[in-house]
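Okay, structure first, notes after.
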């Protein structure tokens, strides 16, 4: 597609429920990244994919968080047994290849609210 | 651990004023990027700097990469209300991901 698409744009869930967040990267972009952003703050790295593999998943906060990527396409971030501290905007980005020489294109994010 | 610190965290100025935002680290980065983010949207790439001492200009915005590639600055000349937003610097880590600073919230009042 023309840009990075994330769905849903907003998600309100009850504490303890599982949620799935989806990211469709730009076609042809081999690298895909997930970040978390709290209100007015910078971006907290979660995990990134180069193709199907995840060379760096050091930012996942706990074992309640997991992510997968199908081919060099769609990625899903799953949060199990959601907690209130999981409330944030989850941003996905893609780039041609991993590494800082290639600019990231971000989606508009999924705003997750855990009540 | 590679960290980026931005200053100031918040800046409120009048239209027409100049400003500088700083991005500092004790680590060397192979490249550094600046992004601008508006409410409800993802960050948008403004520039990438790669060479130590490099200066890039984008209209009224001037970006500089430190000689040692540990720091960078963003200077805006004659700020306008349309410059309002969250400015983020990001450095390329040695594991292939970008590390972001905490951001500088800029408010330009007409």
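Below, the figures for the structure above:
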item: Some residue of the stretch A:37-47 being at positive phi and at pLDDT 95 or above; result: no
item: Among residues of the stretch A:35-54, those that are part of a strand (DSSP E or B), at the interface with chain B (Cβ under 10 Å from one of its Cβ atoms) and within 30 Å of residue B:8 (Cβ to Cβ), counted; result: 7
item: Options A:20, A:14, A:72, A:44; residue that is out of contact with any strand residue (DSSP E or B) (no Cβ under 6 Å at 6 or more places or on another chain) and either surrounded by fewer than 16 Cβ atoms within 10 Å (Cβ to Cβ) or closer than 24 Å to residue B:103 by Cβ (or both); result: A:14
item: Given (1) at pLDDT 95 or above; (2) over 10 Å from the mean Cα position of the chain (by Cα); (3) within 14 Å of another protein chain (Cβ to nearest Cβ), index of the condition residue B:63 fails; result: (2)
item: Residue in the stretch A:81-88 that is within 14 Å of chain B (Cβ to nearest Cβ), without any contact (Cβ under 8 Å) to a residue 40 or more places away in the chain and buried (at least 18 other Cβ atoms within 10 Å of the Cβ) present; result: no
item: Any hit, the stretch B:83-92, residues being more than 12 Å from every other protein chain (Cβ to nearest Cβ) and modelled with pLDDT of 95 or more; result: yes
item: Residue among A:108, A:58 that is surrounded by fewer than 20 Cβ atoms within 10 Å (Cβ to Cβ), modelled with pLDDT under 95 and either assigned to a loop (DSSP other than H, G, I, E, B) or touching a helix residue (DSSP H, G or I) at 6+ places or on another chain (Cβ under 8 Å) (or both); result: A:58
item: Options B:27, B:72; residue that is over 22 Å from residue A:3 (Cβ atoms), more than 8 Å from chain A (Cβ to nearest Cβ) and crowded, with 22+ Cβ neighbours inside 10 Å; result: B:72
item: Boolean, residue B:53 is within 8 Å of chain A (Cβ to nearest Cβ) and surrounded by fewer than 19 Cβ atoms within 10 Å (Cβ to Cβ); result: no
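Residue by residue, here is whether (1) out of contact with any helix residue (DSSP H, G or I) (no Cβ under 7 Å at 6 or more places or on another chain); (2) modelled with pLDDT of 90 or more; (3) under 15 Å from residue A:11 (Cα atoms) holds:
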| residue | (1), (2), (3) |
| --- | --- |
| A:22 | yes, yes, yes |
| A:77 | yes, yes, yes |
| A:94 | yes, yes, no |
| A:98 | yes, no, no |
| A:114 | no, yes, yes |
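The values are calculated or read from the model by the stated rules, or taken from the named source; none is laboratory data. This one's a predicted model, so the numbers in the text were calculated from it and none came from an experiment. For neighbour counting, all protein chains shown are included, and Cβ atoms are generated from backbone atoms with ideal geometry for every residue, glycine included.
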